[in-house]
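The values are calculated or read from the model by the stated rules, or taken from the named source; none is laboratory data. From a predicted model like this one, the values you see are computed outputs, not experimental measurements. Neighbour counts run over all protein chains shown; Cβ positions are idealised from the backbone, glycine included.
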Amino acid sequence: MSSPEHSSKRVKLSSSSSLNRDISPPPLRRQKVTPGSAATPSSNSPAGTPSNCVADVEPTKSNKPQNPEAIATNSTLIISSPFKLTQIRNLPTNKNIDAITISDILGSPLIREIWSFNFMHDLEWMVSHLDSDVAKDINIKIIHGNWRKDDMSRKALESERDKLIDPESSDGGYRIELIIAYMPDPFGTHHTKMLVLFYHDDTAEVVVHTANMIPWDWSNMTQAVWRSPKLPLLVDDSLERKDGVGYTFKEAFLAYVGAYGWRTKSLMEQVVKYDFGAVKAIFVGHVPGDHVINGPENKLFGWGKLKRVLARVGRGGGHGVNKAGRVLYTVKGGGEIAMQCSSVATLGETYFDSVLYPTFSTCRPGGGQLNAFEALRPPNSSSSSSSRPSNRPEFALVFPTVENVRTSVLGWDGGGSIFMKSQKPVDKAQLKYIKPMLKVWGQPPIGVSTNILVEAERGKATPHIKTYNFFSPPRTDVRESDTTDDENEIQSLDIVAMDWAMITSANLSKQAWGNPVKGSGHTATSKIQSYEAGVLIHPGLWKDLLKDEAGVVTMSAVGGKDCIVGEGEKVSNCEILEEMDGKWEMVKVGVRLAYDYPLKAYDEDDEPWCQDMSYEGRDWKGITWPPRWEDRLRAVMGMFPGEGDDDE
């Protein structure tokens with residue numbers, strides 16, 4: 001089911017059109033940001049717009065509320081995507097623009113201490129990405145969930161630690177401490193992917209991402225990273241501002257870290273000393289236990305926390321939010337909820353209806369009380385359809401097909417970290433009832449004419465990333481037929497507005513998000529079994545940058561690079577200073593997508609990738625699934641089977 005919110009009558013330039021343009025080198029230092037001074041024209045300006053970015057709509061005049069396209073370009077601040085994608089080793093450079101590597105995060109010579117929260121760690125690989133001159137002086141704390149003494153993963157981790165800390169070994173001398181997370185539930189996991197970095201210049205940084213700390217995850221799997229600005233020490237604890245976006249993030253982060261008890265006491269003691277005022281994001285943590293869903297926000301976890309946050313996000317806010325945080329434009333339709341993850345547990349229809357759909361649709365009028373599967377049905381498919389509101393959001397699950405995996409840069413091996421069960425009757429039943437919401441991960445290459453508005457350049461890199469996004473409904477004052485021709489075609493592209501976006505370690509499971517509510521009223525609780533961490537953004541987080549009530553913050557999807565194309569002062573999300581507040585008439589925030597948009601529904605013969613099934617088709621290495629030893633051997637030797645080979 002394709003999204004009804006966007007017209008397919010659009011023109012998209014070939015992605016190869018950007019390859020012949022000049023590339024301006026980055027400035028040696030950041031230029032001072034002053035409102036009223038436009039950025040120097042470069043290859044990022046409309047005249048040299050690469051086709052893998054979303055272009056700005058041509059400016060026009062309008063009445064109040066002031067149209068985003070009508071604001072003078074010299075009063076516009078363009079903020080790069082707070083979410084970055086990781087580099088894909090087997091893709092060319094033009095597919096890795098603005099992508100990040102593990103060395104970009106861990107390679108600073110100023111790092112003095114690292115806290116790594118994760119499900120899997122390869123310690124030798126991890127320390128190889130530290131600055132070699134200071135690597136053995138860095139205090140490294142590894143938080144993991146291998147609590148069983150006889151666990152093979154725990155034994156391997158301890159053996160690797162012992163080798164690396166041995167002062168007598170040529171490979172030793174590192175300062176590594178293993179910390180086992182408190183795991184009250186035997187069926188839970190320590191699945192969080194997060195780093196906390198402390199620097200010698202008295203700054204700190206929080207990094208929330210989606211990858212295990214192993215080379216496989218950082219090589220050819222699609223992953224995402226959010227990095228906080230460098231956090232300075234508080235000058236005076238008593239003067240810390242106890243409100244605002246940054247302080248709310250700090251409270252939620254400390255509540256999450258505090259759930260580890262004495263194990264993270266020294267981390268807590270350090271974090272409280274830092275100023276989070278520059279952070280523009282919401283921390284969504286998940287920790288094991290029975291948690292109230294109606295308590296203070298900084299004590300909420302999992303879907304209870306997300307639902308509370310989304311209750312403040314205005315429907316249609318991606319098109320424009322003013323300084324008061326109010327949505328400026330009326331919208332039609334319900335928008336689209338896009339869930340995307342690497343593992344889908346067997347949940348049952350009730351869980352979709354009672355937890356997931358109501359939570360993710362909270363920002364719509366009525367508080368998100370719609371039924372998930374009713375929302376998937378066309379209006380004429382049910383006698384009760386006339387009573388259903390027209391503003392129901394579409395419900396989509398982006399998950400790779402069997403063919404997506406087979407044709408990936410890793411071939412069948414690219415599906416080794418992607419899970420959806422298919423063997424038991426309950427698994428088969430779920431595959432049937434989620435089929436209408438399934439959308440493909442990778443789409444065909446873009447040509448001269450296409451309905452794809454955002455090209456992500458990640459279709460051949462299978463996803464370990466987990467994202468949850470709400471694409472804004474279209475504005476009522478914009479006609480579907482509003483297009484232009486010839487030289488203005490690049491200005492006619494739709495901006496894919498987003499009400500909110502989230503990256504997280506949490507897949508679709510009850511263990512991660514929490515079981516249905518127990519009890520009622522103020523005593524209602526939800527049980528979470530695993531540790532997870534995520535970051536959510538929405539346009540209202542940047543409203544303080546606006547000069548006055550006439551100003552607008554928009555948030556829209558971008559593909560292929562991190563920045564929206566257009567005229568204005570461009571700045572990294574991590575470089576926004578407090579001195580910039582109250583000085584801009586327009587703020588545009590880009591959100592880097594990992595998949596193409598609009599989404600494409602599964603074809604009739606498409607099936608979701610299920611690792612527990614067998615597939616006879618061969619990948620580019622000549623391997624079938626599950627791999628046979630003789631195929632592995634031939635692949636290593638470069639002897640791929642021909643069409644006439646006998647598979648027996």
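In this structure, is residue 178 modelled with pLDDT of 95 or more, over 29 Å from residue 508 (Cα atoms) and either in the same structural domain as residue 208 (by TED's automatic domain parsing) or surrounded by fewer than 16 Cβ atoms within 10 Å (Cβ to Cβ) (or both)? When the stated conditions are applied, residue 178 does not pass them. Looking at the stretch 209-223, can you tell me whether even one residue there is surrounded by 18 or more Cβ atoms within 10 Å (Cβ to Cβ) and aromatic (Phe, Trp, Tyr)? Scanning the stretch 209-223, I find at least one residue that is surrounded by 18 or more Cβ atoms within 10 Å (Cβ to Cβ) and aromatic (Phe, Trp, Tyr), so the answer is yes. When the stretch 296-314 is examined, which residues are found to be assigned to a loop (DSSP other than H, G, I, E, B) and without any contact (Cβ under 8 Å) to a residue 60 or more places away in the chain? Within the stretch 296-314, 296, 300, 311 meet the criteria. Set side by side, the residues 386, 422 differ, and just one is surrounded by fewer than 20 Cβ atoms within 10 Å (Cβ to Cβ), within 26 Å of residue 120 (Cα to Cα) and at pLDDT below 95, which is 422. Restricting 579, 585 to those that are in contact (Cβ under 8 Å) with a residue 12 or more places away in the chain, assigned by TED's automatic domain parsing to the domain that holds residue 423 and closer than 21 Å to residue 80 by Cα reduces the list to 585.
If residue 268 satisfies every condition in (1) assigned to a helix (DSSP H, G or I); (2) touching a residue at least 24 places away in the same chain (Cβ under 8 Å) but one, which is the exception? Among (1) assigned to a helix (DSSP H, G or I); (2) touching a residue at least 24 places away in the same chain (Cβ under 8 Å), the lone unmet condition for residue 268 is (2). Looking across 560, 568, one residue alone is buried (at least 23 other Cβ atoms within 10 Å of the Cβ), within 28 Å of residue 277 (Cα to Cα) and assigned by TED's automatic domain parsing to the domain that holds residue 363. It is 568.
Per the conditions (1) free of Cβ contacts under 8 Å to residues at least 24 places away in the same chain; (2) in contact with a helix residue (DSSP H, G or I) (Cβ under 6 Å, 6 or more places away or on another chain), the sole criterion not satisfied by residue 513 is (1). Among the residues of the stretch 210-224, is there at least one that is more than 17 Å from residue 86 (Cβ to Cβ) and either of a type outside the set (A, V, I, L, M, F, W, C) or assigned to a helix (DSSP H, G or I) (or both)? The answer is no, given that none of the residues of the stretch 210-224 is more than 17 Å from residue 86 (Cβ to Cβ) and either of a type outside the set (A, V, I, L, M, F, W, C) or assigned to a helix (DSSP H, G or I) (or both).
Please specify each residue of the stretch 330-370 satisfying the condition of being at negative phi, crowded, with 18+ Cβ neighbours inside 10 Å and at pLDDT below 85. 363, 364, 370 - these are the residues of the stretch 330-370 that are at negative phi, crowded, with 18+ Cβ neighbours inside 10 Å and at pLDDT below 85.
Just to be sure, is residue 265 out of contact with any Asp or Glu (no Cβ under 8 Å at 6 or more places or on another chain), surrounded by fewer than 20 Cβ atoms within 10 Å (Cβ to Cβ) and over 23 Å from residue 466 (Cα atoms)? It is true that residue 265 is out of contact with any Asp or Glu (no Cβ under 8 Å at 6 or more places or on another chain), surrounded by fewer than 20 Cβ atoms within 10 Å (Cβ to Cβ) and over 23 Å from residue 466 (Cα atoms).
Checking each residue in the stretch 512-528 for being surrounded by fewer than 23 Cβ atoms within 10 Å (Cβ to Cβ) and in contact with a strand residue (DSSP E or B) (Cβ under 9 Å, 6 or more places away or on another chain) picks out 515, 516, 517, 518, 519, 522, 523, 524, 525, 527.
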